[in-house]
Amino acid sequence: MYPDVIIIGSGMGGATLAAALAPSGRRILILERGEQLRPSQHDRDAAAIFGDGVFRSDETWLDGTDTAFSPGNYYNVGGNSKFYGAALIRYREADFEPTQHDGGTTPGWPIAYADLEPDYQAAEQLYAVRGELGEDPSEPAHSGSYPYGAVPDEQDIADLRERLKAAGLHPSSIPLGVNLADWLAGGQTTWDAYPNTCGGKMDAETCGLKLALAHPNVELRTGCRVTALTTGAGDRIDSVVMQTEGKSETMTAPIIVVATGAVQTAALLLASANDNWPAGLANGSDQVGRNFMNHNCSAVLALHPFRRNRAVYQKTLMFNDYYLGSDGQPPLGNVQMLGKITAPILAANSKLPVWVAGWVAARGFDFYAMSEDLPNPDSRVTLMDGQIKLDWKRSNWVAHQHLVAQLKKVLRRAGFPIVLSQPFDRRTPSHQCGTARMGADPKASVVDTFCRSHDHKNLFIVDASVLPTSAAVNPALTIAALALRAGRHILETELAP
Ligand SMILES: Cc1cc2nc3c(=O)[nH]c(=O)nc-3n(C[C@H](O)[C@H](O)[C@H](O)COP(=O)(O)OP(=O)(O)OC[C@H]3O[C@@H](n4cnc5c(N)ncnc54)[C@H](O)[C@@H]3O)c2cc1C
C-alpha cells in the first residue's frame, strides 16, 4: 500500500496517534523496530527480569564519560509501555507555568493546562484509567470522571494509607491503567517493570494500537528499523530509509511521524543530517538532542521489624503533599508506591545475601520518590561514530535530596523505625523526555504546539521528546494526550476529506 501517513514507532506516542488518525480511513503505516512480545516463561520471573535482564536489548550507549552501558530501554511493539507501571497521572496546572525550583526556573509550556485538558480526558478513556477524583489536593481540574473506580489497596497498603493520614499526609489513589483480575490471572506479581503479555495492563499495544488496527486502513510492520529520513533541497521530508531483515528499503508518504522515544528520536534526526541540513533534520534551532530530562528518583524502603507487608502489587497509593512546595519550600516532587520489591529484585539490586533480602522484602513498604529534572541545553543526546551518547546532566538534585529527607522523616512518624533509600541508576532512562522540545519560537524549539516540526512542514514528532518540562509525575498520559492533540490537528489540516 502507498501510505498517507508513516508513523515510526508503536509506543505510547505512535500508537495513540495511530488510534486518533485511524477513523479517517486514510492509509496509515506503522513501522516498528521490535517484535510483538509473546508469552514466555520469564514474564513473571523476577530473577530473570531484574537479575539476568532477559528483556533488555543488547544495544549499548555511551554515558557522559564515554563509558558504554546497557540502557533500560525496550524495543518491542508497544514500546516501553509494555513494561511500565501504568501510573497514568496528569501534569498539575502549575507544571505548565514557569516555576521557581531549587535548581532553577522552568520555562513553562507554550500551551496551558486548559488547552490539553480535553485530550487528557480522552486519553484516560482510551487507556481505561482507574482512579478516584477529589482525594489529592494538588489534582488539576478534570472535566469528567475516570472511566473506572480506583484499583483497591491491598490490606497492608490500606493500613499504610491510614498511617500516612495520621502522620498528616494526604494519600490518594494512583490513577492506573490496570485490569487487576486479568493481570493477576497471569501470575501473582506486581505489574511495574514486568512485561505485559497477558493483556492486564492498558498499554500502547493493548489500547492505542488495538483500536488503530481494528481499522482496515492501518497496517503495522514489525522488525523495521528506520535508520534515516531523507530530504531534498526543500523543507519536506522525502522518504524513510529502513532496515528489514538486513535489507535496506525506502518508503515515502505525504506525512511522516517520528515517535521512536526521546533518545532514539533525537538520534534518528541527528543521523539524518545531509548537505542541506548539516546539523540534522528539524534542527534549525540546534535544540535536537538537547534538554534531555529523566526525573530524579530514589527507592525508599520503610520497615518495622515486627510488621509484615504481604502486598503482591502494592502500587495503588501516592501523595503530593510536597509537590507544589509550601511554607517557603520550593516544589519537591511526587511520592508513589513502587511495584512490590521482592527478594530476587532486592538481591539483584543490592549486595544483600538472598536470606537478608527475603527478610527485608517481607517487611518493606517500597516508595518511589520522584523530583523534577529541569531542562538544560548541555544535558544531551549526541552521536559518536554512529553510537548514541547520553550525557545526562542531572539538575535540581538538592530538591530531590530534600524530598527523600522529608519522606524519611514522615515515614518514621508513621511508625517505621527503619527507612533506607537508594537513588535510581543514572543510566536507567525510563522517564526520558525533552530532546525535541515544543515551543512557539522556531529559534528555540523543535516542534510547534501541535508537534509539527518548525523546519519540515510534513514532519511531526509525537513522543516524549517534545515535552518542554518533565514535571514530577510519570510521563505516559501526557504523551498520549499530546498525541491525541496532534492527531486532531493532522486530521483537520492535512487529512480533511
Ligand atoms: C520500567 C518502566 C516503568 C515505567 N513506568 C511508567 C509509569 O508507571 N507511568 C508512566 O507514565 N510512564 C512510565 N514509564 C515510561 C513510559 O513507558 C514512557 O514514558 C513511554 O512509553 C514513552 O513513550 P514514547 O512514545 O516516547 O516511546 P516508547 O513508548 O518507548 O516507544 C518508542 C517506540 O519506537 C520504537 N523504535 C525506536 N527506534 C526505532 C527505529 N529507529 N525504527 C522503528 N522503531 C523504533 C521502539 O521499539 C518503541 O516501540 C515507564 C518506563 C519503564 C521502562
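For region 55-94, how many residues meet the condition of being within 14 Å of the ligand (Cβ to nearest atom) and part of a strand (DSSP E or B)?
3
For region 174-293, which fully contained strands (runs of 3 or more DSSP E) count at least 1 residues that are more than 26 Å from the chain's Cα centre (by Cα) and under 25 Å from THR60 (Cβ atoms)?
Once the strands (runs of 3 or more DSSP E) in region 174-293 are filtered for at least 1 residues that are more than 26 Å from the chain's Cα centre (by Cα) and under 25 Å from THR60 (Cβ atoms), what remains is 237-244, 247-251.
Pick from GLY280, GLY261, GLY339: which is farther than 30 Å from ALA158 by Cβ, crowded, with 20+ Cβ neighbours inside 10 Å and within 14 Å of the ligand (Cβ to nearest atom)?
Every option except GLY261 fails the conditions.
Kindly list, by first and then second residue, each pair from a residue in region 312-341 that is assigned to a loop (DSSP other than H, G, I, E, B) to a residue that is charged (D, E, K, R) and at pLDDT below 95, limited to pairs with Cβ atoms under 9 Å and residues at least 6 apart or on different chains.
From region 312-341, the pairs are VAL312/LYS340; TYR313/LYS340; GLN314/LYS340; LYS315/LYS340.
Checking ALA86 against (1) within 19 Å of LEU209 (Cα to Cα); (2) modelled with pLDDT under 95, which test does it fail?
(2)
Would you mention how many residues in region 218-242 are surrounded by fewer than 19 Cβ atoms within 10 Å (Cβ to Cβ) and in contact (Cβ under 8 Å) with a residue 60 or more places away in the chain?
Qualifying residue count, region 218-242: 7.
Would you please name the residue that is surrounded by the most Cβ atoms within 10 Å (Cβ to Cβ), looking only at residues in region 372-396 that are at pLDDT 95 or above and of a type in the set (Lys, Arg)?
By that ranking, first place goes to ARG380.
Among (1) open to solvent by less than 10 Å² (accessible area, probe 1.4 Å); (2) within 16 Å of the ligand (Cβ to nearest atom); (3) part of a loop (DSSP other than H, G, I, E, B); (4) not aliphatic (A, V, I, L, M), there is one condition SER445 misses while meeting the rest; what is its number?
It is condition (2) that SER445 fails.
Kindly provide the set of residues from region 147-168 that are under 28 Å from ALA128 (Cβ atoms) and touching a residue at least 60 places away in the same chain (Cβ under 8 Å), ordered by number.
Those that are under 28 Å from ALA128 (Cβ atoms) and touching a residue at least 60 places away in the same chain (Cβ under 8 Å): ALA150, VAL151, PRO152, ASP153, GLU154, GLN155, ASP156, ILE157, LEU160, ARG161, LEU164.
Picking from ALA399, ALA357, ALA369, which residue would you name as being open to solvent by less than 20 Å² (accessible area, probe 1.4 Å), of a type in the set (A, V, I, L, M, F, W, C), touching a residue at least 12 places away in the same chain (Cβ under 8 Å) and assigned to a strand (DSSP E or B)?
Exactly one of ALA399, ALA357, ALA369 is open to solvent by less than 20 Å² (accessible area, probe 1.4 Å), of a type in the set (A, V, I, L, M, F, W, C), touching a residue at least 12 places away in the same chain (Cβ under 8 Å) and assigned to a strand (DSSP E or B), namely ALA369.
Identify all residues within region 7-31 that are in contact with a Pro (Cβ under 9 Å, 6 or more places away or on another chain) and within 11 Å of the ligand (Cβ to nearest atom); write none if there are none.
Within region 7-31, MET12 is the sole residue that qualifies.
Which one is farthest from GLY364 (Cα to Cα), of the residues in region 422-438 that are open to solvent by less than 10 Å² (accessible area, probe 1.4 Å) and assigned to a loop (DSSP other than H, G, I, E, B)?
My answer is ALA436.
With the structure loaded, tell me whether PRO39 is modelled with pLDDT of 95 or more, assigned to a helix (DSSP H, G or I) and either within 24 Å of GLY186 (Cα to Cα) or open to solvent by 50 Å² or more (accessible area, probe 1.4 Å) (or both) or whether it fails that test.
Answer is no for this residue.
Restricting to region 32-45, count the residues that are within 13 Å of the ligand (Cβ to nearest atom) and not polar (S, T, N, Q).
Going through region 32-45 one residue at a time, the tally reaches 5.
Of these, HIS489, HIS456, which one is away from the ligand (no atom under 16 Å from the Cβ), open to solvent by less than 10 Å² (accessible area, probe 1.4 Å) and modelled with pLDDT of 95 or more?
HIS456
If you take the residues of region 468-486 that are assigned to a loop (DSSP other than H, G, I, E, B) and near the ligand (Cβ under 9 Å from one of its atoms), which of them is farthest from SER81 (Cα to Cα)?
So the residue we want is VAL473.
The values are calculated or read from the model by the stated rules, or taken from the named source; none is laboratory data. As the structure is a computational prediction, the values presented were derived from the model and not from experiment. All Cβ positions, glycine included, derive from the backbone under ideal geometry; neighbour counts span all protein chains shown. For the accessible areas, the whole protein counts, side chains as well, though only heavy atoms, and no ligand, DNA or RNA atoms are used. Shrake-Rupley method; radii C 1.70, N 1.55, O 1.52, S 1.80 Å.
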